[in-house]
Amino acid sequence: MKRMLFLCLVLIGFQSVSSQEKLTNLVELKKNSKNEIFHNLGQADKKGGFFLKGYWVWDNSVIKGEDGKYHLFSSCYPDSIPFHPGWMVSAEIIHAVADKPEGPFRFVNKALEARGAQYWDGRSTFNPQIFKHKGKYYMFYVGSTHPFEEAKHDELTVESKWCIVGRSNKRVGLAVANSLDGPWERMDKPILETEPNTFYSFLTSNPTMAINDDDSVLMIFKARAYEGNIHGPMSLGVAFAKTITGPYTVLNNKKPVFDAKITGELEDPFLWKDKRGYHVVFKDHKGKYTSEWGGGVLAHSANGTDWKMDNDPKAYSKTIQWDDKTIEKRGQLERPFILFESNKPRCMYFSTMDGEGGFENGTYSGILAIPFLK
């Protein structure tokens, strides 16, 4: 009995050291980082963010309203269907509100609901990004449709008809409102269609924009090309419009600015502009630049088409520190979004999932908020 007790105490000691080592490693990694995002990220608010019981929650775009509150736009769908590929066939964009940027956010209403298979975005809407410009609110998002009945849990797989058709119908769209509470008026057609014999011949998705004072817009978007009858890997391209409603023209001679076959797969871009130029943070899908599958990368550009990775590219890690000092490696940490106030980063948001990694291993998902150090 004494021997067993001794072994238990030793194991507890090892676990404590292990946790302390994790804390030390993460803190030292951030302290020594020269990356302006990673170095200045604080601790995740354990009681903040946004989680909705009974639903998968994903995507995050936050804006401060005229009411002084913080408004979050996400997508959600019932957790009675698989997380992946459920978002492609059954998601709706929802609106939540909080008194402070870290949350917790509370559900307010549905911003974009399903509206019928005959519409290009009639069966699923997701990936919102919200802007206020000259008195109006603009929501860029992704929509899709399919002509099938609602899928049952075991029917909905990546190889199923729902996923194949839903994925191929993904397009970038735009909705406009006078209030964050809506109603949102959607455009009749996508603002960024596919085009044969290009890197975006199969789908357009995951838009992120910088709106300039002259109403022009620079957009980074994710795309896939047809390779025979199937799609190829994810690449990122740039489009431009003289006005917010378009038309949008793909730049760089209709070639990707981040070609998956050269830079590796990068996704979930978040774009912003300041006096130094354009900046983008995105997910390093296979760890090419961060040595961490799913970690974050920062890149810079003077003109929006010629990009260079940051000298210290790692912008965030899937391993986070909570505000109770505990350390956790999240199963998924994606869709980075930064809230700026007075031209300074205030809070960074992520879509997150528990588990050991892989969408099939998570039991819940939601929005995580990490404030920047003051």
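So here's what we get for this one:
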{"read-out": "Residue match in segment 264-271 (condition: touching a helix residue (DSSP H, G or I) at 6+ places or on another chain (Cβ under 8 Å) and buried (at least 19 other Cβ atoms within 10 Å of the Cβ))", "value": "yes"}
{"read-out": "Lone unmet requirement of (1) in a loop (DSSP other than H, G, I, E, B); (2) open to solvent by less than 40 Å² (accessible area, probe 1.4 Å); (3) touching a residue at least 40 places away in the same chain (Cβ under 8 Å); (4) not β-branched (V, I, T) for L236", "value": "(1)"}
{"read-out": "Residue in segment 315-326 that is open to solvent by less than 40 Å² (accessible area, probe 1.4 Å), in a strand (DSSP E or B) and of a type in the set (G, A, S) present", "value": "yes"}
{"read-out": "Residue tally, condition touching an Asp or Glu at 6+ places or on another chain (Cβ under 9 Å) and either of a type in the set (V, I, T) or open to solvent by 40 Å² or more (accessible area, probe 1.4 Å) (or both), over segment 187-196", "value": "0"}
{"read-out": "Restricting segment 143-191 to residues that are in a loop (DSSP other than H, G, I, E, B) and hydrophobic (A, V, I, L, M, F, W, C), the residue that is farthest from A111 (Cα to Cα)", "value": "V158"}
{"read-out": "Filtered residue count, segment 258-280, keeping only those that are part of a loop (DSSP other than H, G, I, E, B) and either in contact (Cβ under 8 Å) with a residue 60 or more places away in the chain or touching a Ser or Thr at 6+ places or on another chain (Cβ under 6 Å) (or both)", "value": "1"}
{"read-out": "The lone exception for K242 - which of (1) closer than 28 Å to G86 by Cα; (2) at pLDDT 95 or above it fails", "value": "(1)"}
{"read-out": "Residue check, A175 over 20 Å from the mean Cα position of the chain (by Cα) and either surrounded by 19 or more Cβ atoms within 10 Å (Cβ to Cβ) or modelled with pLDDT under 95 (or both)", "value": "no"}
{"read-out": "Residue list for segment 197-223, restricted to those being open to solvent by 30 Å² or more (accessible area, probe 1.4 Å) and either under 26 Å from H285 (Cβ atoms) or within 19 Å of the chain's Cα centre (by Cα) (or both)", "value": "N197, I211"}
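The values are calculated or read from the model by the stated rules, or taken from the named source; none is laboratory data. Fair warning: this is a prediction, and the values are worked out from it, not measured in the lab. In this analysis, Cβ positions are derived from the backbone assuming ideal geometry, glycine residues included, and neighbour counts consider all displayed protein chains. Accessible surface areas use protein heavy atoms only, side chains included; no ligands, DNA or RNA. Shrake-Rupley method; radii C 1.70, N 1.55, O 1.52, S 1.80 Å.
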